[in-house]
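Student: So that we are looking at the same thing, I have put the structure below in structure tokens.
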Amino acid sequence: MADPKRGIEMLSFTLIEYDMRIKTGQEEKDDLQLIDGASFISPSGKWNKPSTMRIPGDYGAVDITLLRLRHAVEATVEVLISEVQSSFDLSLSCLTSGLNKGIWLFDGAIVEACSLKSSYQCCSFKAKTHGHETREIKTDLALIIVKVTWSTLPLGLA
């Protein structure tokens, strides 16, 4: 399922309801019900380690990965691409402390795919409790503006 993912503060059991459909026609009544239901998620269990649960349905199953984080800050990443000189492929990912794998934000074509030499650009941000920061990356192909906005759950930096 596509982003955005959201943080939920769990001080007790949390009920997550879901209704996911496979689009098959113009109207919602034509869509196939993939999964429909609810799950209780416990606040106890492993911390700082992802766990995956499978939700079976009539037309397949959906895997949901949950992660309980201590001292977490939510970052919303916005990327604006302008001044495009020619088409190119773009992959965006982010890294954070405590996780050894990157989080993919985007992997696809900008305008039209074409064969270009590889290029690696990096920008880093220091997490804050609230507010935002912006960085500009100027390449031969485009201007890329990255804006990160932070928010914390009430116990985020406690």
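Each reported figure results from applying straightforward, stated rules to the coordinates on display, with no laboratory input. What you see is a predicted model; the values in this text were computed from it and never measured. Cβ: placed from backbone, ideal geometry, glycine included. Neighbour counts: every protein chain shown.
Student: What residues have an amide H closer than 5 Å to that of residue 88, excluding those fewer than 5 places away on the same chain, when H is modeled at 1.01 Å from N in the peptide plane?
Tutor: Amide H to amide H, under 5 Å and 5 or more residues apart or across chains, residue 88 pairs with 110, 112.
Student: Let me ask something additional. Would you tally the net charge around residue 133, using a Cβ to Cβ cut-off of less than 14 Å, leaving residue 133 out, and scoring K and R as +1, D and E as -1?
Tutor: Working: positive: 126, 128, 135, 147; negative: 78, 136.
Once all neighbours under 14 Å are counted, the net charge is +2.
Student: May I ask for the net charge around residue 55, where only other residues with Cβ less than 14 Å from the Cβ of residue 55 are counted and Lys, Arg are +1 while Asp, Glu are -1? Mind dumping the intermediate values first?
Tutor: On the way: positive: 21, 54; negative: 17, 19, 36, 58, 63.
Residues near residue 55 contribute -3 overall.
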